[in-house]
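This report concerns only the one structure given below.
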Amino acid sequence: RGNFTSDNTVRVAFVLQCYALAIWCYAVNQIVIRGFYAQKDMKTPVKVSAAMVLLNFTLNIIMVWPLREAGLALATSISGFVQTVVLIAILRKRFPLPLRDVAWTLLRSALLSLAMAILCGFLYYRVAPAVVNVDGGGLSVTIAVLLAVIVSGSGAYLLGAKLLGMKEIREWRGKEER
C-alpha cells in the first residue's frame, strides 16, 4: 500500500494506450465473426483465433523485453488488428462486400466523432465553468452539466450526419427501406 508512484502511473497509462489501439478491432471482430456464424461456419473464426494466439505469444516474447508490460498490451493489440484484417479478407473472398461504402461511412463517422469530442470538451471545460460552478455546485449541478454536454454532443453528431447525408441516420430513424 502506498507504493504506487508517478512512474507507475506513466507505465499504466502507456499500457492502456497500447490496449486502446485495438478497441475498435475487438468490436469489429464481434460483428465479422457473426458473419461466419450466419453461414454456419464456426471453424474459420476458431482457426484464425488459434493462429492469433500463436502470433500473440510470439509478439509477447519479442516485445516484453524492450517495452515490459506495455509490450504485452501492444502485442495483444497487434494480434487483434491482424485477426480483424484476416477475418475480413476471408469474408470478402466469399462475399463481395461494399468496402468503399463502409470506408466512406467510417471516415464520416470518425470526423463527426472528432468534431463531437472537441465540442463536448469545449462545452465542459470552457463554457460550463463560465456559466456554473461545476466543481463546487454539488452532484446535481455536475449531472446537469454532463447531461447538457451529452445532449449537445449527440445533437451535433446527428445534425452533422444529416448534413453529410449519411443514410445510416435515415435508417436509424426508420425513414428508409433497407
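The values are calculated or read from the model by the stated rules, or taken from the named source; none is laboratory data. Just so it is clear, the model here is predicted, and its values are computed rather than measured. With ideal geometry, Cβ positions are generated from the backbone for all residues, glycine too; neighbour counts draw on all protein chains shown. Remember, those area values only see protein heavy atoms, side chains included, never the ligands or the DNA or RNA. Shrake-Rupley method; radii C 1.70, N 1.55, O 1.52, S 1.80 Å.
The table that follows gives values for the structure above.
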quantity	calculated
Probe 1.4 Å, all protein chains present, accessible-area order of ASP41, ASP7, largest first	ASP7, ASP41
TYR37 paired with ASN133, simple spin-label distance in nm, labels 7 Å along Cα-to-beta-carbon	5.2
Euclidean distance between Cα centres, region 136-169 to region 47-61, Å	40
Axial C-alpha extent at least 27 Å, average Kyte-Doolittle at least 0.0 - helices from the chain (DSSP)	43-67, 69-94, 99-122, 138-163
Percent RCO, i.e. relative contact order, over the chain, from Cα pairs under 8 Å lying at least 6 residues apart	20
Fraction of accessible area attributable to carbon and sulfur, the chain (%, probe 1.4 Å)	69
Spin-label model distance (nm) - LEU164 vs LEU97, 7 Å beyond Cα toward Cβ	1.9
Lys pairs, the chain - Cα-Cα below 20 angstrom, 8 or more residues apart or on other chains	5
Accessible surface, the chain, averaged per residue in Å² (probe 1.4 Å)	71
